[in-house]
Amino acid sequence: MKLLKTSLLLAAAAAATQLDATDYRIEWSGASYGNVSTARVVVGLDMTGVSLAGTNFWNMPDSHVTSFIMTVSGNSLSALNKTYNISDLRYFIFGRFHNGETMASDLVAQGGGTFPGWLDMRVTAPGGNLSTYGFMMMGMPHDFTGYGDSMKLIYFGPAFSGVTDVPAWMSSISGANQTYATGVTLSNLPLEGAHHRPMLSYDRMGKDNQAWATGDFGSSSRTRDVHTTTGEAGLNWNAGQNGLFGFALGHGEQNADLAFSGSSATKGDYALAEFDYRPGGSQWVVSLLGMVGSWESKIIRGYTSGGSSDFSYGVADLITRSARLRVDAPSLATFGGFGFAPYASYTVTQTVVGAYTETGGGFPASFDEQTHNSIEARAGVTAAKDLDAQTKLLLTVEAIHRFDGAGPTLSGQDVTGGVAFSLPGTAPRKDYVRFGFDIDRKLNENTLLNISAHTSTIGEEQDVSAAISIRRAF
């Protein structure tokens, strides 16, 4: 498991008293006990009136402990491997002596720590039950039986130069996780926009081949402002008596707002292939669609520094791979001139966000690679009606269920290596509903115009989306 470091960045040597709260870097390692557990902390301590000569026990919350961020990794109890904040800290103790340990071997770290004492604190981990989760971090060799792997204090002292306001800097980091969401949206828009129905559902106009050009637009504003557009050109042709094969090349772009006046602009290209099959003598359609996209995301991450705004810049490469299996039934019922036909689909999309390092700004960061597979199923009904000889109206309603759990962890550190982070991914909304309509209009005997639009309840879809396509048979 990757080493996740959390350390603070305000240089300050430990002293008998401190007039103001000072940030310290604390590190533990399990290497002495044959494990790879690590814990890295940034803690703010106000040492006014406090002496290191005695023992100080602070139950939380306490004004002497002003801030706290800790990242644990490599622990054999996987539930403990996460980032903790001050609300997770139960107590904090330090003193000059404890059970006779020697300063040189146990308390003055190999990294040059200067804190002349010992440290003991307890953190509440997931679940909140210390008998199940939780562990002590101590400045002496300690048995963590029942709480995870043993770890030894290896550093407590001055921090590296770098980020001066860790909480403010950290608050901007989560916005970088939108890069992963961008890849999902860019692949999903054409997949469930211009290609939300199989190619065989369009009028073939008595010809074997068909060329098309499409454009998709999507917009979301309920949780954040996101605008996505894609366009493509493609060709399909009959494959035997019952099959149809199509191929398309497309281009997509997305612009999104991020926190602290940041933004992201992503663009790239994709290739798409689809095979439709209609079993002989039936109106059922089975389709298999595959799509691969390559995107570049330019990210401006905004944050506060010294009371003013600052920005760092990064470029991330994204790869998306999607596969969808869909089955469309013939019309099984009629009402009001509409024929009602059910359908169902199953889609897997893999999104990979490459590692990247920011430039510019006072405190740039580096981000590790992210990979996640989103899995969803859709079941819906299409109601179709011929309005006249040249025009068909289709209305759809579909229920969508996501099978995958939380998205990928966002991990990395500031470029000095002082402040590391590991933020868990956000779980998608499991169930939501989408509504849509299509209009197929024959412009002449060889040309078909299609217009579609969709809206959904709050979920992983665009709030609203629309597509337009021109199809020419030959």
Residue list for region 449-464, restricted to those being of a type in the set (S, T, N, Q) and in a loop (DSSP other than H, G, I, E, B):
Thr457, Gln462
Checking Gly339 against (1) open to solvent by less than 30 Å² (accessible area, probe 1.4 Å); (2) within 29 Å of Ile173 (Cβ to Cβ); (3) not charged (D, E, K, R), only one condition comes out false. Which one?
(2)
Could you tell me which residue of region 182-211 is most open to solvent (accessible area, probe 1.4 Å), considering only residues that are under 14 Å from the mean Cα position of the chain (by Cα) and of a type in the set (Ser, Thr, Tyr)?
Thr185
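Sort out for me the strands (runs of 3 or more DSSP E) sitting completely within region 375-423 that have 1 or more residues that are open to solvent by less than 60 Å² (accessible area, probe 1.4 Å), in contact (Cβ under 8 Å) with a residue 12 or more places away in the chain and at positive phi.
Working: elements: 391-402, 410-414, 420-423.
The qualifying strands (runs of 3 or more DSSP E) are 410-414.
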Name every residue in region 253-312 that is of a type in the set (A, V, I, L, M), in contact with a Ser or Thr (Cβ under 8 Å, 6 or more places away or on another chain) and either open to solvent by 60 Å² or more (accessible area, probe 1.4 Å) or farther than 20 Å from Thr351 by Cβ (or both), in order of residue number.
Ala259, Val285, Val292, Ile300
Would you pick out the residues in region 243-252 that are surrounded by 16 or more Cβ atoms within 10 Å (Cβ to Cβ) and over 30 Å from the mean Cα position of the chain (by Cα)?
Leu244, Phe245, Gly246
Quick one: in region 342-373, of everything that is at pLDDT 95 or above and among the small types (Gly, Ala, Ser), which residue is most open to solvent (accessible area, probe 1.4 Å)?
Ala355
Given (1) more than 30 Å from Phe474 (Cβ to Cβ); (2) part of a strand (DSSP E or B); (3) not hydrophobic (A, V, I, L, M, F, W, C), index of the condition Arg429 fails:
(2)
Which of the numbered conditions does Ser131 fail, given that it passes all the others? Conditions: (1) open to solvent by less than 30 Å² (accessible area, probe 1.4 Å); (2) at pLDDT below 80.
(1)
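Does at least one position in region 436-444 carry a residue that is charged (D, E, K, R), more than 30 Å from the chain's Cα centre (by Cα) and surrounded by fewer than 21 Cβ atoms within 10 Å (Cβ to Cβ)?
yes
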Of all residues being more than 26 Å from Gly281 (Cβ to Cβ) and of a type in the set (Gly, Ala, Ser) in region 317-336, which is farthest from the chain's Cα centre (by Cα)? Just the residue, please.
Gly336
Determine which member of the set Thr179, Thr164, Thr214 is polar (S, T, N, Q), at pLDDT below 90 and over 20 Å from the mean Cα position of the chain (by Cα).
Thr164
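For Ser187, are the conditions met, namely being assigned to a strand (DSSP E or B) and modelled with pLDDT of 90 or more?
Details: assigned to a strand (DSSP E or B): no; modelled with pLDDT of 90 or more: yes.
Against the criterion (assigned to a strand (DSSP E or B) and modelled with pLDDT of 90 or more), Ser187 does not qualify.
The values are calculated or read from the model by the stated rules, or taken from the named source; none is laboratory data. All values reported here derive from a predicted model rather than from experimental measurement. FYI the Cβ positions are ideal-geometry reconstructions off the backbone, even for glycines, and counts take in every protein chain you see. The area values use the complete protein model at the heavy-atom level, side chains included, leaving out ligands, DNA and RNA. Shrake-Rupley method; radii C 1.70, N 1.55, O 1.52, S 1.80 Å.
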